[in-house]
Amino acid sequence: MDLNILVMAAGLGTRMKSQKAKVLHRLVGQPLINHVYHTALCLAPKRVVMVVGHQASDVEQVLKNFHSRLLKKAEQNNTPVAPEFVLQTEQKGTGHAVMMAKKLLARDSTPILVLSGDVPLITTNTLESLFTQHRTLNATATVLTTKVANPTGYGRIIRTQQGNFSHIVEHRDAGLKELEIDEINSGVYCFESQALFAALEKISPNNTQGEYYLTDVLSILRNQNDKVAIYQHKAPEEVLGINNRIELANAEHRMRMAKLESLMLDGVTIIDPNSTFIDLDVKIGIDTIIYPNTIIEGETIIGENCTINPGAHLINSHLANNVFIRDYSLIVDSFLADQTTVGPFAHLRMGAHLEAGATVGNFVEVKKSKLGQRTKAMHLSYLGDAIIGSSVNIGAGTITCNYDGKNKHTTVIEDNVKIGSDTMLVAPVRVGQGSMTGAGTVVTKDVPENSLAVGIPATIKKRLI
Ligand code: UD1
Ligand code: CA
């Protein structure tokens, strides 16, 4: 689109009562500013300029990281435009914030869409309609407004007798009559670039906050007979600003519910949406059942017909089809093939990889390890840096002693091995296929194929075939 986007994101967000800049607070797993940037990108603008100030370098880093993640996922002919940054060292108001971008955006006549970093629920559709109306009416400026049940805190839209735009009064500057107005300024606007920057030269901080208000630009334009239009949006929940943690929680609830509803409409059973937390990028196949009190985060993918029991917490993991996660299991950065079962109370992390039909049971931790097809580790084990073949049985209490105090070492267990209860595998070590270890064995040297190892340290007792 022939459009530049400016995002105001320099404020601290005093009402958040936080050490952290407001736009870095998370909403459904992503900093607020990423939501706004993502929506901006969906409009395919020429440039996206971010006005940063409070914790500027952190905000920049967050956006740069997000941009490179999007770049990796993007198709070749649809690469997301990188964010550009301008610094507002002192936060003297929204008008002052926009002035900071003059050098970058006043060069040509590309219209500017101004967004607020703290209005993250706005949709691309709404912004498109705003821009279309702005164009159709040939307006110099268009402000996005909406009617709300509780306008407290927002700037009120004052209309002329004919119902046209007159000016905006901030809540703090408003008189009693004005406070009754329920049409509010969303903080989202379209401007013709040259007119915007010319009018910004004329604003002054004559208000209760001593700030340069961007909203004053609109009355300046109107008073010089430029066309200032209103685009009144019918869905107030989209333009809710986030100024305190109650509003943050409300927005979180709204976005999560929307995600859960879209999953349910796509064939996923969610038994109790009120106690289920699923991030926006998560994908889930049909007939999967999600029990209450579950958290599914990041870029997790779950296949069809899986069961996720209460208390499960999945992060950036991939579950194929017919996977069964039993109660209270934590699964991070892991892959689980078809028909695998995990838990209850299991911990999989850092590239745990379970092949089809593998089972990990109660109080088992698996780190950076691969379990082959139909392999079972049912009780009380630690499997770290292990490569385990298929149809292996890991007895209760088995531990891969992978750390010698300095380095991590690998344990290899080949196909059809039976590891006896309470075996310690002191890595680096290999147990050959078809072998067995006795209960309580401490394996310090490689065990050849088809043999029985017992004792501390283990010795080879006999050949099994
Ligand atoms: C602003 C509008 C108000 C509107 C509301 C909608 C003004 C004067 N008021 O009020 O009419 O109803 O948004 O949500 O514009 N920012 C900067 N630099 C600054 C000040 C603010 O970058 O110097 C950024 C903030 O980080 C924030 C955004 O601008 O992302 C809005 O600022 P905020 O202080 O939250 O304005 P509101 O009081 O909500
Ligand atoms: Ca705000």
Pair list, Cβ under 7 Å, 6 or more apart: the stretch 208-226 residue under 21 Å from Lys102 (Cβ atoms), other residue of a type in the set (Val, Ile, Thr) and in a helix (DSSP H, G or I): Tyr213/Thr94; Leu214/Thr94; Leu214/Val98
Subset of the stretch 100-124 [touching a helix residue (DSSP H, G or I) at 6+ places or on another chain (Cβ under 9 Å), part of a helix (DSSP H, G or I) and surrounded by fewer than 21 Cβ atoms within 10 Å (Cβ to Cβ)]: Lys102, Thr124
Subset of the stretch 259-276 (residues that are touching a Leu at 6+ places or on another chain (Cβ under 9 Å) and either in a helix (DSSP H, G or I) or not hydroxyl-bearing (Ser, Thr, Tyr) (or both)): Lys259, Val268, Ile270, Pro273
Single match in Arg245, Arg256 (criterion: surrounded by fewer than 19 Cβ atoms within 10 Å (Cβ to Cβ) and basic (Lys, Arg)): Arg245
Pair list, Cβ < 8 Å and 6+ apart or interchain, from the stretch 8-27 residues that are closer than 11 Å to Ala56 by Cα to residues that are among the aromatic types (Phe, Trp, Tyr) and not in a loop (DSSP other than H, G, I, E, B): none
Check on Leu314, touching a residue at least 40 places away in the same chain (Cβ under 8 Å) and at negative phi: no
Matching residues in the stretch 205-236 - criterion: being within 16 Å of ligand 2 (Cβ to nearest atom) and in contact with a Ser or Thr (Cβ under 9 Å, 6 or more places away or on another chain): Glu211, Tyr212, Tyr213, Leu214, Thr215, Pro236
Hits in the stretch 241-253 - residues which are more than 16 Å from ligand 1 (Cβ to nearest atom) and in contact (Cβ under 8 Å) with a residue 60 or more places away in the chain: Glu252
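Would you check which residues across the stretch 71-87 are of a type outside the set (A, V, I, L, M) and either in a loop (DSSP other than H, G, I, E, B) or surrounded by 11 or more Cβ atoms within 10 Å (Cβ to Cβ) (or both) and list them?
Those that are of a type outside the set (A, V, I, L, M) and either in a loop (DSSP other than H, G, I, E, B) or surrounded by 11 or more Cβ atoms within 10 Å (Cβ to Cβ) (or both): Glu75, Gln76, Asn77, Asn78, Thr79, Pro80, Pro83, Glu84, Phe85.
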Filter result for His171 (within 21 Å of Asp118 (Cβ to Cβ) and modelled with pLDDT of 95 or more): yes
Residues located in the stretch 376-425, provided they are touching a Leu at 6+ places or on another chain (Cβ under 8 Å), among the β-branched types (Val, Ile, Thr) and within 17 Å of Val360 (Cα to Cα): Ile388, Val392, Ile394, Thr398, Ile399, Thr400, Ile413, Ile419
Test: residue in the stretch 84-91 that is in contact (Cβ under 8 Å) with a residue 60 or more places away in the chain, within 16 Å of ligand 2 (Cβ to nearest atom), assigned by TED's automatic domain parsing to the domain that holds Tyr213 and closer than 23 Å to Leu240 by Cα: yes
Residues satisfying the stated conditions in the stretch 163-173, i.e. surrounded by fewer than 22 Cβ atoms within 10 Å (Cβ to Cβ) and away from ligand 2 (no atom under 16 Å from the Cβ): Gly163, Asn164, Ser166, His167
Filtered residues of the stretch 1-19 (kept if within 16 Å of ligand 2 (Cβ to nearest atom) and more than 23 Å from Leu113 (Cα to Cα)): Thr14, Arg15, Met16, Lys17, Ser18
Inter-residue pairs, beta-carbon under 7 Å, first assigned by TED's automatic domain parsing to the domain that holds Gly241 and away from ligand 2 (no atom under 16 Å from the Cβ) and in the stretch 182-197, second in a strand (DSSP E or B) and hydroxyl-bearing (Ser, Thr, Tyr), 6+ apart: Glu183/Thr145; Cys190/Thr142
Filtered residues of the stretch 222-236 (kept if farther than 18 Å from Leu137 by Cβ and within 13 Å of ligand 1 (Cβ to nearest atom)): Pro236
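The values are calculated or read from the model by the stated rules, or taken from the named source; none is laboratory data. Because the structure is predicted, anything quoted here is derived from the model rather than measured. A quick note on method: Cβ atoms are made from the backbone with ideal geometry, for glycine too, and the neighbour counts reach across all protein chains shown.
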